[in-house]
1. Is there a residue being open to solvent by 30 Å² or more (accessible area, probe 1.4 Å) and more than 25 Å from the chain's Cα centre (by Cα) anywhere in the range 2-25?
2. Which condition number in (1) more than 25 Å from the chain's Cα centre (by Cα); (2) open to solvent by less than 60 Å² (accessible area, probe 1.4 Å) is the one that Gln417 fails?
3. Where the second residue is modelled with pLDDT under 95 and the first is open to solvent by 60 Å² or more (accessible area, probe 1.4 Å) and lies in the range 393-410, which pairs have Cβ atoms under 8 Å and are six or more apart or on separate chains?
4. Consider only pairs whose beta carbons are under 7 Å apart and that are at least six residues apart or on different chains; among these, list those whose first residue lies in the range 330-344 and is within 22 Å of Gly55 (Cβ to Cβ) and whose second residue is small (Gly, Ala, Ser) and outside any loop (DSSP other than H, G, I, E, B).
5. Could you look through the range 431-450, keep only residues that are in contact (Cβ under 8 Å) with a residue 24 or more places away in the chain and open to solvent by 30 Å² or more (accessible area, probe 1.4 Å), and pick out the one that is farthest from the chain's Cα centre (by Cα)?
6. Inside the range 146-188, can you point out the residues that are more than 25 Å from the chain's Cα centre (by Cα), assigned to a helix (DSSP H, G or I) and free of Cβ contacts under 8 Å to residues at least 40 places away in the same chain?
7. Scan the range 187-212 for residues that are within 14 Å of Val16 (Cα to Cα), surrounded by 24 or more Cβ atoms within 10 Å (Cβ to Cβ) and of a type in the set (D, E, K, R) and jot them down.
8. For Val115, are the conditions met, namely being in a loop (DSSP other than H, G, I, E, B), open to solvent by less than 10 Å² (accessible area, probe 1.4 Å) and either small (Gly, Ala, Ser) or at pLDDT 95 or above (or both)?
Amino acid sequence: MHTVVVGTSGTSSADVVAVARHGARVEISPEATAALAAARAVVDALAAKPEPVYGVSTGFGALATRHIGPGLRAALQRNIVRSHAAGMGPRVEREVVRALMFLRLKTLCSGHTGVRPEIAETMAAVLNAGITPVVHEYGSLGCSGDLAPLSHCALALMGEGDAEGPDGEVRPAGELLAAHGIGPVELREKEGLALLNGTDGMLGMLLLALDDLRRLYKSADITAALSLEALLGTERVLAPELHAIRPHPGQAVAAANMAAVLKGSGLTGHYQQDEAPRVQDAYSVRCAPQVAGAGRDTLDHARLVADRELAAAVDNPVVLPEAGRVESNGNFHGAPVAYVLDFLAIAAADLGSIAERRTDRLLDKNRSHGLPPFLADDPGVDSGLMIAQYTQAALVSELKRLAVPASVDSIPSSAMQEDHVSMGWSAARKLRTAVDALGRIIAVELYAATRAIELRDGLVPAPASAAAVAALRAAGVAGPGPDRFLAPDLAAAEGFVRDGSLIAAVERVTGPLG
């Protein structure tokens, strides 16, 4: 199994996905262990002094004015974890919990948090054992970081609360730790606070969404090309010289992808030869590269923000080992991550919207240029894909609602000490829902476009298009014919898009797409 080594200088998005989704093992580098020990020495030295230090010998948030004596400091750290593990609602997905735990481990290993090496080692052991703490949907305001979600993870390290074992069964965390030979941690000064003060949940969900959206944007280029072909449109709008004079990089990539899919098509270019000749195609067809390209450029911006956050050590207070200091700061505020999470939800909504418009055009006999109404076998007796488009439209409507930004909201908390929060966790949760919906929308367009291409008797599709149709049929998704139970076909088409099978089928003909 692939092993990810955690050092002192951040990690990569690929490593986060490997640990979160694919169960990669985690190891802590010797350099990180040394950095953990050095930072801990600073905390121990400050803890021995009579002067209060926030997070080491004081209360937290609005209670930071109380100086806590040595005899109560272990209780202080236990209590912050227990009291902050106050989430409610449905369980958060396993991959999200693993991502936020791994990202918290990454920050611990930076040498700026002041926890002992054994705290980091225990977190790595829990990840490697496949133990996933139960984290709930609601509880984070995105400032100070994702407090409640991270607290539920810290609680499991203490052997308290519930967790899911590698077999999928939820059991008391203490039982699972014991079953895997992992001893629960006993927290000391600053360690409870360091385990729960970061943007790890929202960042983890951002990285997982970027992994999904990379695949979905490429899939959307393919389905847009298939729709253009099925509508007998023109590929001339994809010429690179047209996109060079408006030099948005994502637009050029999307146009090149569509052109590659359509190379050798016998269906394109008929837009002036049917019964309703067109001077140009509709916006949903002609402007596909512009919309998908803008979304791609948004992805690139979000990756830049994510990479910066991956390189960061987010905690409060933070240890500066070289200076022998522990300083309060505001780096836990989730605004940078929250903004791009919202931005991606907007881009996803627009990509889904334009895909639905192409589907609707394929089903409308007045705009489909010779295709049967709703792509039905015997229109009137058969309804064809009429209600598949309803489902797609409902998903688009949901995407529009999810595009309303969460990051512009703020609800003051902690007796007005935390009086401006990022709502980044909420932005991340709705983006996950948006990404799921987008995958389904693209699947419906794929289902409609492939059926429409097969109904163009006597016209030969592009080799890449034919490969996509053949692979979809081989996956058990039926082609044209009398009405059938559609939901299983749509679900299979969704799986075909999500797992990359559509891209793989096309790239076997075109080579790698952008």
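1. No - not one qualifying residue is present in the range 2-25.
2. Of (1) more than 25 Å from the chain's Cα centre (by Cα); (2) open to solvent by less than 60 Å² (accessible area, probe 1.4 Å), only one is false for Gln417: (2).
3. Going by the 8 Å Cβ cut-off, the qualifying pairs are Asp409/Met423.
4. Gly334/Gly424
5. Arg440
6. Once the filter is applied, which keeps residues that are more than 25 Å from the chain's Cα centre (by Cα), assigned to a helix (DSSP H, G or I) and free of Cβ contacts under 8 Å to residues at least 40 places away in the same chain, the range 146-188 yields Leu157, Gly174, Glu175, Ala178, Ala179.
7. Matches in the range 187-212: Asp200 only.
8. yes
The values are calculated or read from the model by the stated rules, or taken from the named source; none is laboratory data. For clarity, every value in this text was computed on a predicted model and none was experimentally measured. Please note: Cβ atoms are built from the backbone with ideal geometry, for glycine as well, and neighbour counts cover all protein chains shown. Note: areas computed on protein heavy atoms with side chains; ligands, DNA, RNA excluded. Shrake-Rupley method; radii C 1.70, N 1.55, O 1.52, S 1.80 Å.
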